[in-house]
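What follows is a set of notes on a single structure, which appears directly below.
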Amino acid sequence: MYSLRDNKQLWVGLVVFSAGILIYLAQTPFGYRSAQYRRTPCGNLSRSITETDMLGALRADGFSPRLLSRAVRRSVDADTSHVVPRVVHYVLYDVPKGVRFEFQHYLSFRSAGHFLKPQYIFLHGNVVPKTDWWNRTIGEVDNIYHVYRKKRTHINGKRVSFVQHLADVTRLDVTIDYGGIYLDTDMLILKSLDPLRVHALTLGVSGPKEISNAIIIAQKNALFLRLWKENYKNYKPAIWGHNSVTFGRKLFLLFPHLVHVEKEHLLRPTWKEVHLLYSLRGEFYNWSQSYSVHVSGEGKYRVPRTVEQLKGYNNTLGEVMRYIYFGSRKLLPVKGAPFTPK
């Protein structure tokens, strides 16, 4: 028979054992404990989880019911005025010419990690980049996870004509299902988005008749995004922006109360003002109040692909990229002739 002393020792042992398990779980992201998810030597969290895992692991308010309290504490501020989770989403699918992940994409992840301080950065899609800049990214930016998503060939029964259309749908899916901050891989963040995380949804303006989806700052299940997603039942595969930026503006005109639109400080200079990003004639855009800048116009202008090229790149984009990389917008000495947009 057990004595009272034996029972006391047994209970003490159980308490100590349970405490050890709880501490171990608390140190493991989302409760996954497989050896394949261990931290890399550089201190990053780099792993691949399937879309099914994601749907099972992230639910109410964007997080798992069984791990909701811990995950929400990590990703949503205790101050309930910030309704958007501190989580970043990117989307990347493979293309016939191969996936590009270059200097400006590295700077996007680097700036998001530095200024947004997200608990998690999710890269959704069917491919992981294999470039040197991607290797630098996962070596320098913490908490990046790849979430595998099959590359669909059809949207509501119609064949996808541009992979960008599939990415348009996926960004709506992830922000509706989980909430957080979606970014195009060429969005450059310049300061905290916390002032905008108080709104159920914030979007920017990319042109005179467009509401952009290049950056989406959303609470889970935002009604505006659900209405936007519903529009893809009438998917127009032959028209580039019909279901995305064009319909986004129509939706805004009908339901302006469902979205906070940041007209000046998310996406300017817009693609219509792209000369202000690249001009070498002293036409600098004043981005001192900007939250972010979109690197548009690559088809027409050259963008720095190396640190050396960036040093003497004397325009607005050069200032922004140097600010993210060096911490200062100032020009730096270069070897030979400075790199130019054309």
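Coordinate-derived values only; no laboratory data. Everything numeric here is computed off the predicted structure, so don't read it as measured data. Using ideal geometry, Cβ is built from the backbone for each residue, glycine included, and neighbour counts are taken over all protein chains shown.
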On the Cα set of segment 118-242, report Rg and Dmax in Å, please. 15.3, 42
So what are the three principal axis dimensions of segment 205-248 from its Cα atoms, in whole Å, longest to shortest? 31, 25, 13
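Are there chymotrypsin sites (Phe, Trp or Tyr not before Pro) in segment 114-221 that DSSP marks as loop and that have at most 14 other Cβ atoms within 10 Å, and which are they? Show your work: numbers first, answer last.
Working: sites: Phe115, Tyr120, Phe122, Trp133, Trp134, Tyr145, Tyr148, Phe162, Tyr178, Tyr182; in loops: Phe162.
Passing sites in segment 114-221 are Phe162.
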Does a label point 7 Å from the Cα of Lys272, set along Cα-to-beta-carbon, have any residues of segment 290-320 with amide nitrogen under 16 Å, and which are they? 297
What ³J(HN,Hα) values, in whole Hz, does the Karplus curve 6.51 cos²θ - 1.76 cosθ + 1.60 give for segment 81-91 when θ = phi - 60°, with x put for Gly and Pro? 5, 8, 8, 8, x, 7, 10, 10, 10, 10, 10
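Roughly speaking, what is the stretch gain from Thr306 to Leu254, that is 0.36 nm per residue apart minus the C-alpha to C-alpha distance, in nm to one decimal? Present the calculation step by step, with values, prior to reporting the outcome.
Working: separation 52, 0.36 × 52 = 18.72 nm, distance 4.47 nm.
Length gained, Thr306 through Leu254: 14.3 nm.
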Semi-axes in Å, largest first, for segment 241-342 (Cα gyration tensor, √(5λ)) are 32, 15, 11
Once you wrap a convex hull around the alpha carbon atoms of segment 302-342, what is its projected area averaged over all directions, in nm²? 2.5
Sequence-distant residues sharing a close amide H with Tyr145 (under 5 Å, placed H): Ile121, Phe122, Leu123
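Fewest Cβ neighbours within 10 Å first, please rank His275, His257 accordingly. The partial results should precede the final answer.
On the way: His275 17, His257 7.
Ranking His275, His257 by Cβ neighbours within 10 Å, fewest first, gives His257, His275.
Over all directions, how big on average is the projection of the convex hull of the alpha-carbon atoms in segment 271-326, in square nanometres? Intermediate values should be presented prior to the final figure.
Working: hull surface 15.8 nm².
Here the figure is 3.9 nm², rounded to one decimal.
How much FRET efficiency would the formula 1/(1 + (r/R0)^6) give for Val95 and Leu332, where r is the Cβ-Cβ distance and R0 is 35 Å, rounded to 0.05? Don't jump to the answer; show the numbers that get you there.
On the way: r = 34 Å, r/R0 = 0.97.
The value I calculate is 0.55.
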Long-range Cα-Cα pairs in segment 106-187 (distance over 14 Å), rounded percent: 67
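Chymotrypsin sites (Phe, Trp or Tyr not before Pro) within segment 230-316: which are DSSP loop residues with at most 14 other Cβ atoms inside 10 Å?
Working: sites: Tyr232, Tyr235, Trp240, Phe247, Phe252, Trp271, Tyr278, Phe284, Tyr285, Trp287, Tyr291, Tyr301, Tyr313; in loops: Tyr235, Trp240, Phe284, Tyr285, Trp287, Tyr291, Tyr301, Tyr313.
Counting only loop positions with at most 14 other Cβ atoms within 10 Å, the chymotrypsin sites (Phe, Trp or Tyr not before Pro) in segment 230-316 are Trp240.
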Quick check: pseudo-label points 7 Å beyond the Cα along Cα→Cβ at Val261 and Glu230, how many nm apart are they? 2.0
